[in-house]
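I have placed the structure first, in the form of structure tokens, so that the comments after it can refer back to it.
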Amino acid sequence: MELNANFWNERYAEQETGWDIGYPSPAIKEYLDGIKDKNIHILIPGCGKAYEAEYAHQLGFKNVFVADYAPLALEEFSKRVPDFPSEHLLVADFFKIEQSFDLIIEQTFFCALDP
């Protein structure tokens, strides 16, 4: 099995997203609630349906970026959250992103990497 963009895009196309809890992770939600500076640059890699990004956006964070291999995941997110800045949607390999961020938030991304 090769974990690449095609693999992950197929998971979304076939709705095989068993890791998806359907809402922001309570621990991440609580963490975001405690951050006062809404201008920090946040990255959510392997964002999937990006419920945490949607929540942060609703809280008023201005610089939330989401990255995923799967274009379909970001397309679905964009439809669900149409006022999220399109330039903050990164169809990309996390390890090739050159931007810098103040905070990286991770829910299930690291468990998807081949050790």
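The values are calculated or read from the model by the stated rules, or taken from the named source; none is laboratory data. This is a predicted model, so every value here is computed, not measured. Reconstructed Cβ throughout: ideal geometry from the backbone, glycine too, with neighbour counts over all protein chains shown. Protein only, heavy atoms only, side chains kept; ligands, DNA and RNA dropped before computing areas. Shrake-Rupley method; radii C 1.70, N 1.55, O 1.52, S 1.80 Å.
A few points about this structure:
- Some residue of the stretch 56-72 being assigned to a loop (DSSP other than H, G, I, E, B), without any contact (Cβ under 8 Å) to a residue 60 or more places away in the chain and of a type in the set (Lys, Arg): yes
- Checking each residue in the stretch 1-20 for being in contact (Cβ under 8 Å) with a residue 60 or more places away in the chain, within 26 Å of Leu103 (Cβ to Cβ) and not in a helix (DSSP H, G or I) picks out Leu3, Trp19.
- Some residue of the stretch 83-93 being under 16 Å from Asn9 (Cβ atoms) and assigned to a loop (DSSP other than H, G, I, E, B): yes
- Pairs with Cβ under 7 Å, 6+ apart, first in the stretch 40-53 and within 23 Å of Asn6 (Cβ to Cβ) and basic (Lys, Arg), second open to solvent by 20 Å² or more (accessible area, probe 1.4 Å) and outside any loop (DSSP other than H, G, I, E, B): Lys49/Glu76
- A residue that is in contact (Cβ under 8 Å) with a residue 40 or more places away in the chain and of a type in the set (Gly, Ala, Ser) occurs somewhere in the stretch 93-104.
- Any hit, the stretch 34-47, residues being in a helix (DSSP H, G or I), closer than 20 Å to Leu90 by Cβ and of a type outside the set (Phe, Trp, Tyr): no
- From the options Glu76, Glu52, residue that is open to solvent by less than 40 Å² (accessible area, probe 1.4 Å), part of a helix (DSSP H, G or I) and of a type in the set (D, E, K, R): Glu52
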